[in-house]
């Protein structure tokens, strides 16, 4: 009896230690995008250049403004979710798992959209588009294009981290569902009563 108690106590301590390790790893994973989002945001905010052909700034392009806002929201959410994960001592509850799952999906697609739209603008800035008579601009504003490219590359690194976070939150949510109950099918023979009338 005492041996069983010792084994169950040791198993509980090991399980608690493992869940603390997983919580620490998730906290660090949620903190990682904060620095990257802030870096992408700052690089884009400082992206402006003047030349003989005029001046250009990130604020002149809607795609780059969207990138700045998306990175700002992502940094704030990452910091908040990391704090909640670090401070929580209990195992993941169903409402919190659902909240993280939904918000991780939203943030992933939001940052991915910002990166994709900004990539298209940068591509046109480097190559131009003869179909709409838009000439390339990076030969005149090289520094502007380089900083914008760096910001977009950092944003795609954030996207890759958020894809992993989305998979993690999906796993944590769906692992809370128990296996479906095994339904045993009982076959009952229907009894048919036939009335027999005597002659």
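Points worth noting:
- Length gained on full extension, residue 28 to residue 146, computed as 0.36 nm times the residue gap minus the Cα-Cα distance: 39.5 nm.
- Taking other C-beta atoms within 10 Å as the exposure proxy, 99, 24, 155, 85 rank 24, 99, 85, 155 from fewest upward.
- Projecting label points 7 angstrom from Cα along Cα→Cβ for residue 175 and residue 88 puts them 1.3 nm apart.
- Per-residue Cβ neighbour rank within 10 angstrom, fewest leading, 124, 62, 154: 62, 124, 154
- Binned Cα-Cα distance frequencies in region 14-174 - 10 Å width, integer %: 11, 35, 25, 16, 9, 3, 0
- Neighbour-count ranking [beta-carbon atoms within 10 angstrom, fewest first] of 123, 162, 58: 123, 58, 162
- With contacts taken as Cα pairs under 8 Å and at least 6 residues apart, region 14-174 reaches a relative contact order of 33 percent.
None of the figures in this text is laboratory data; all of them are computed from the coordinates on show. Source: prediction; values computed, not measured. Cβ atoms come from the backbone with ideal geometry, glycine included; neighbour counts cover every protein chain shown.
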